[in-house]
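Presented below is the structure to which this report refers.
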Amino acid sequence: MIFMIGAKTNSSKSGKGVSFTQTSLANAIHLAQAQKKLIFIDIYAIWCGPCVMLKLRTFSNKDAGQFFNENFINLSLDGEKGEGLKLFQAYQLTAFPTLIILDSDGTPLLGTAGYMDAKTLIEFGQAGIEKSKK
């Protein structure tokens, strides 16, 4: 597990929600390849109300956590600084939050913007998995 060096996770207080790995996209790609998973990215802004609601209501949901932790390497990046800003600009994004699913090589498969509940988030993740199989 050489790629785990320097990667930390941050899950909800209950430990049952989506666990976000605090690492770079390049390292997430290595982790995804090693673990045969896709990559899920939440690009947010700290001032964004729907972004806060995603974190408090959706990402903390037990079912969403179980599904995403099992199938994805999860990243949450501030879209106004660092790597999050670079991705926001590179993908020509226009809204927060933006949710993106990448394959294990880092190629975008699916994206959406705005708040969604846990059921809809899981459906989004399932659609990404289906698209990766094509």
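The values are calculated or read from the model by the stated rules, or taken from the named source; none is laboratory data. These figures come from a predicted structure and were not determined experimentally. Cβ coordinates were reconstructed from backbone atoms using ideal geometry, including for glycine residues, and neighbour counts include every protein chain displayed. Only protein heavy atoms, including side chains, enter the accessible area calculation; ligands, DNA and RNA are left aside. Shrake-Rupley method; radii C 1.70, N 1.55, O 1.52, S 1.80 Å.
One table, with the values for the structure above:
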quantity	calculated
Matching residues, segment 13-37, being over 24 Å from K81 (Cα atoms), out of contact with any Lys or Arg (no Cβ under 9 Å at 6 or more places or on another chain) and not polar (S, T, N, Q)	K13, G15, A34, K36, K37
Residues of segment 27-56 classified as more than 21 Å from Y115 (Cβ to Cβ) and free of Cβ contacts under 8 Å to residues at least 40 places away in the same chain, total	4
The listed residue being in contact with a Pro (Cβ under 9 Å, 6 or more places away or on another chain) and either more than 15 Å from T21 (Cα to Cα) or open to solvent by 20 Å² or more (accessible area, probe 1.4 Å) (or both), out of F88, F96	F96
In segment 14-31, the residues that are assigned to a helix (DSSP H, G or I) and either under 24 Å from F96 (Cβ atoms) or over 14 Å from the mean Cα position of the chain (by Cα) (or both)	L25, A26, N27, A28, I29, H30
Selection count where residues are of a type outside the set (A, V, I, L, M) and touching a strand residue (DSSP E or B) at 6+ places or on another chain (Cβ under 8 Å), scope segment 56-100	16
Matching entry among F59, F124 (being of a type outside the set (G, A, S), within 19 Å of K16 (Cβ to Cβ), open to solvent by less than 60 Å² (accessible area, probe 1.4 Å) and touching a residue at least 12 places away in the same chain (Cβ under 8 Å))	F59
Single unsatisfied condition, S132 versus (1) surrounded by fewer than 21 Cβ atoms within 10 Å (Cβ to Cβ); (2) out of contact with any Asp or Glu (no Cβ under 9 Å at 6 or more places or on another chain)	(2)
